[in-house]
């Protein structure tokens, strides 16, 4: 008897930071994967073709999230879809609608409509703790859980376009699933760190390079919620495979201040300049978040120390920590709130 075909899923934005690790994980678990990218022939997506199992079970589809027809072609014959693609603006947003809001919100709706039209059974949408944090009515000091939603109007008023886009997109996804009988589960990672598979550095990795190389701006001693990119991939597959998963899941297991992060690095890598920090204590000003709902499904993330030290080891091998022309050290605009 012929063996049954492998389960087939689609990953949007397949060449990105989180999505690349998810594709790698899915292939390692025997899935056939359809990955959407803007240009399958672009060298920045070549790493996907090098993954174990890619030759046999990975297909790249040229698709933009604003092109519903191209998305529909990519999800044909897929049992599940992981919607990972979403803009993370590294520079100041000049046109919020076209740069952030439309790709996030309209893009999410396009993916969901393509799923409904092609009998996809379950969709996992990658949101963000940006859709959780900014809620002025939440009791101060109380741990934030999945019932806490960012105030979209406040985000727009403050021109925090990334948070606005993530909040509206996740609300749109939940509402669409309820109205159309589509199983939609959302996962809200915090700042994602860890090794990269793709050749281009992403915004959260740029932040870490800035901290290690000692960029010119003084940083606030803020508490950072961080999660390993490999643990995010594990979380996405876990909520997909668990029949009982429902609603949203916060993916933010670790919390560390800027100073404590620098001190951790200095113990193992003492020879970098490292960023200067203020000494103010912001702990009481920023509520912690909990990942207990996700852990109750069986999620077991790495230790924070392993994530951070694996990250700096990778940066060294990749050459991201070299000095000189061609190795810039800049604080992405999305993290300017962290500087004095």
Filter result for residue 148 (in a helix (DSSP H, G or I) and either in contact with a strand residue (DSSP E or B) (Cβ under 9 Å, 6 or more places away or on another chain) or surrounded by 16 or more Cβ atoms within 10 Å (Cβ to Cβ) (or both)): no
Test set (1) in a loop (DSSP other than H, G, I, E, B); (2) in contact with a strand residue (DSSP E or B) (Cβ under 9 Å, 6 or more places away or on another chain); (3) closer than 23 Å to residue 192 by Cα; (4) at pLDDT below 95 - residue 5 fails condition number: (3)
If I ask for residues that are in a helix (DSSP H, G or I) and either modelled with pLDDT under 90 or over 30 Å from residue 143 (Cβ atoms) (or both), which ones from the range 293-332 would you list? 313, 314, 315, 316, 317, 318
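Restricting the search to the range 55-66, which residues are closer than 14 Å to residue 29 by Cβ and over 22 Å from the mean Cα position of the chain (by Cα)? Lay out the reasoning, then the answer.
First pass over the range 55-66, keeping only residues closer than 14 Å to residue 29 by Cβ: 56-58.
Result: 56, 57.
Which one of these is in contact with a strand residue (DSSP E or B) (Cβ under 6 Å, 6 or more places away or on another chain), within 21 Å of residue 194 (Cα to Cα) and surrounded by fewer than 19 Cβ atoms within 10 Å (Cβ to Cβ): 330, 322, 302?
Of 330, 322, 302, the one residue that is in contact with a strand residue (DSSP E or B) (Cβ under 6 Å, 6 or more places away or on another chain), within 21 Å of residue 194 (Cα to Cα) and surrounded by fewer than 19 Cβ atoms within 10 Å (Cβ to Cβ) is 302.
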Within the range 9-56, track down each residue that is in contact with a strand residue (DSSP E or B) (Cβ under 8 Å, 6 or more places away or on another chain), over 19 Å from residue 194 (Cβ atoms) and surrounded by 18 or more Cβ atoms within 10 Å (Cβ to Cβ). 9, 10, 12, 31, 32, 33, 34, 35, 36, 37, 40, 45
Just for helices (runs of 4 or more DSSP H) wholly inside the range 31-144: which have at least 2 residues that are within 22 Å of residue 249 (Cα to Cα)? 107-117, 130-133
Within the set of pairs 6 or more residues apart or between chains, which connect a residue that is more than 21 Å from residue 37 (Cα to Cα) inside the range 1-26 to a residue that is assigned to a strand (DSSP E or B) with Cβ atoms less than 7 Å apart? 6/32
Taking the range 151-175 and keeping residues farther than 18 Å from residue 249 by Cβ and buried (at least 17 other Cβ atoms within 10 Å of the Cβ) leaves 151, 152, 155, 156, 160, 161, 162, 163, 164, 165, 168
Please pick out the residue among 245, 204 that is in contact (Cβ under 8 Å) with a residue 60 or more places away in the chain, under 21 Å from residue 309 (Cβ atoms) and buried (at least 18 other Cβ atoms within 10 Å of the Cβ). 204
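The values are calculated or read from the model by the stated rules, or taken from the named source; none is laboratory data. Values in this document were obtained by computation on a predicted structure and should not be read as measured data. Please note: Cβ atoms are built from the backbone with ideal geometry, for glycine as well, and neighbour counts cover all protein chains shown.
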